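This structure is in structure tokens; I'll ask about it shortly.
Just so it is clear, none of the values below were taken in a lab; they were calculated from the coordinates. The model shown is predicted, which means the values in this text are computed figures rather than measured ones. Don't worry about glycine lacking a Cβ; one is built from the backbone with ideal geometry, like all the others, and counts go over all protein chains shown.
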Amino acid sequence: MTPPLVAVAHGSRDPRSAATVRALVDVVRAQAPGLDVHESFLDLSEPRVTDVLRGLYAQGRRSAVVVPLLLGSAFHARIDLPALVDEVTSECPGFRIQVSDVLGADPALQAVALDRLAGARRRSGTGVLLSAVGSSNPEANAVVAGLAARWEKQLGLPVSEAFASAAQPDIPAAAERLRARGVRHLIVASWFLAPGLLPDRIALLARDADPGAFIAEPLADDPRVADVVIGRYAAAVAGLLRTPQAA
């Protein structure tokens with residue numbers, strides 16, 4: 001039997017975030033008919049990933065693939081989610097759970113984020129803030145900085161990474177960095193999956209720096225995001241099939 005796909009997002013106190021995740025999961029279902037797909041969350045939103053996995057086990061399922069709807073590989077991907085999966089497997093004998101790679105900086109996701117800038121006016125003195133959540137993990141932040149450098153070459157505009165929390169440069173510092181390069185008009189690109197409190201805060205801070213700043217929408221339920229989710233699932237299923245089942 002084909003393992004179910006359990007998509008897991010971070011969760012948020014902002015209901016728009018969970019609604020966006022559910023919309024994305026609906027697109028995944030539409031693009032993978034016949035596949036059993038479930039949304040879940042690490043925290044703050046329902047259902048929790050542990051509850052979804054326990055429910056599948058109670059239904060008689062003995063394998064599942066968890067796809068983290070995360071754009072970076074930091075604490076939630078490396079520590080939080082594996083611990084929750086271990087918690088479930090310790091309670092559910094014979095339950096094989098394979099966790100896929102995060103969505104990460106997939107080229108298809110970059111294309112979606114860049115397409116979100118199509119409505120921005122590009123005048124002389126325009127620059128781009130690539131806004132992301134930020135992490136205490138330097139490697140995760142370095143990925144975003146690498147995207148900013150790549151996008152600068154691609155767009156032909158000054159681009160700086162700008163983090164909402166836990167890392168520098170934050171939004172004001174990144175705006176000042178661009179201002180020192182002659183930027184007067186800001187375009188704020190979104191390296192977020194869904195709307196929420198942090199993207200709202202980014203928008204407020206960006207408009208403090210430039211009241212006319214263009215604020216791009218998050219990746220959301222674009223079909224290309226769903227394609228990446230399905231691709232991560234397929235790769236994880238292959239790994240599950242290669243892993244011998246414990247006796």
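Note down the net charge around ALA74, summing +1 for each Lys or Arg and -1 for each Asp or Glu among other residues with Cβ under 15 Å from its Cβ.
Net charge in that neighbourhood comes out at -4.
Report D for the stretch 117-215 in µm² per second (integer): Stokes-Einstein, Kirkwood Rh on Cα pairs, 10 °C, 1.306 mPa s.
121 µm²/s
Report the paramagnetic label zone for GLU87: residues of the stretch 11-39 whose backbone N is under 19 Å from a point 7 Å from Cα along the Cα-to-Cβ axis.
Answer for the stretch 11-39: 11-13, 39.
Pairs of Cα atoms under 8 Å, at least six residues apart: use those to get the relative contact order of the stretch 117-215, whole percent.
34 percent
Provide THR20, THR126 in ascending order of the number of other Cβ atoms located within 10 Å of each residue's Cβ, fewest first.
THR126, THR20
Set Lys and Arg Cβ to +1 and Asp and Glu Cβ to -1, take the dipole of the stretch 117-215 about its Cα centre, and tell me which of ALA148, ILE202, GLN168 lies farthest positive.
Value: ALA148.
Hey, with R₀ at 22 Å, roughly what FRET efficiency would ASP208 and GLN168 work out to, going by the Cβ-Cβ distance, to 0.05?
Calculated transfer efficiency: 0.80.
Ranked by Cβ crowding within 10 angstrom, fewest neighbours first, how are SER131, SER17 ordered?
Lowest count first: SER17, SER131.
Then there's this: Can you find, among LEU240, GLN59, GLN110, the residue farthest towards the positive end of the dipole of the chain? Put +1 on the C-beta of Lys and Arg, -1 on that of Asp and Glu.
GLN110
From the convex hull of the Cα coordinates of the chain, what is the mean projected area in square nanometres?
So the mean shadow area of the Cα hull is 13.3 nm².
Relative contact order for the chain: what percent, with Cα pairs under 8 Å and sequence separation of 6 or more?
Relative contact order, the chain: 24 percent.
Counting Lys and Arg as +1 and Asp and Glu as -1, each charge on the Cβ, what is the dipole of the chain about the Cα centre in debye, to the nearest 20?
600 debye
Would you work out the Kirkwood radius for the stretch 1-137? I mean one over the mean of 1/r across all pairs of different Cα atoms, in Å.
16.6 Å
Moving on. For n ≥ 4 DSSP H runs only, could you compute -39500 (n - 2.57) per run for the chain, divide by its residues and tell me the 222 nm figure to the nearest 500?
-14000 deg cm²/dmol
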